[in-house]
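Data first, discussion second: the structure below is written as structure tokens.
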Amino acid sequence: MQKKNRRFFRRSSPVLLAACYALFSFGSAFGNPLQSCLLYANQGDFQNAVRECERAVRFNPYSAQAYTNLGVAYIQVGKNNKALDALRRGAHLAPYDPMTQYNLAVIYSLMNQTDRSLEALDHALRNGFNNADALRFDRDLDNVRGEPEFRMVLERYKFFIQ
């Protein structure tokens with residue numbers, strides 16, 4: 001009986017693998033909290049996005065993307081201290097990720113920590129951040145956009161906005 005079971009699983013393993021992939025390819029009902037987090041955030045439902053991002057962090061505590069998304073969701077619901085903690089953790093796990101560094105610049109700007117915001121923005125640009133619209137229009141950067149160092153950071157990377 002033991003050999004027969006092994007043969008069954010060996011023969012059916014592609015099917016089992018496909019089923020496992022399907023489970024992790026769909027939303028929260030099937031077990032992928034990171035995808036659910038992004039879905040809720042894209043719909044503007046940030047309370048549920050926070051809940052699912054927190055699940056994503058518990059599901060994979062080494063996912064920089066999960067921590068970064070959690071930080072952004074916390075920003076959207078006004079929990080800046082929690083956002084800062086999550087974004088710092090994301091930056092620790094992926095120190096060269098330009099989006100994480102950009103979001104750190106955002107949270108520091110919102111917390112009126114302009115020096116740290118400019119430092120994080122410098123790091124984001126150094127690592128490839130190139131979203132000119134975000135640099136121009138993201139209201140969360142209003143606290144640093146008026147600083148002379150803001151233009152200096154952008155010019156250092158040949159990034160010019162009007």
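Okay, here's what the table says:
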quantity: Order of Tyr157, Tyr96, Tyr108, Tyr62 under a 10 Å beta carbon neighbour criterion, fewest first; calculated: Tyr62, Tyr96, Tyr157, Tyr108
quantity: Residues Glu149, Glu52, Glu155 arranged by fewest to most Cβ contacts within 10 Å; calculated: Glu155, Glu149, Glu52
quantity: Ranked Val50, Val77, criterion: other C-beta atoms within 10 Å, fewest first; calculated: Val77, Val50
quantity: Rough spin-label spacing in nm, given labels placed 7 Å along Cα→Cβ, for Asp115 and Tyr62; calculated: 3.5 nm
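Read-outs: derived from the displayed coordinates by stated rules, not from any lab. In this text the structure is predicted, and so the values were computed from the model without any measurement. Please note: Cβ atoms are built from the backbone with ideal geometry, for glycine as well, and neighbour counts cover all protein chains shown.
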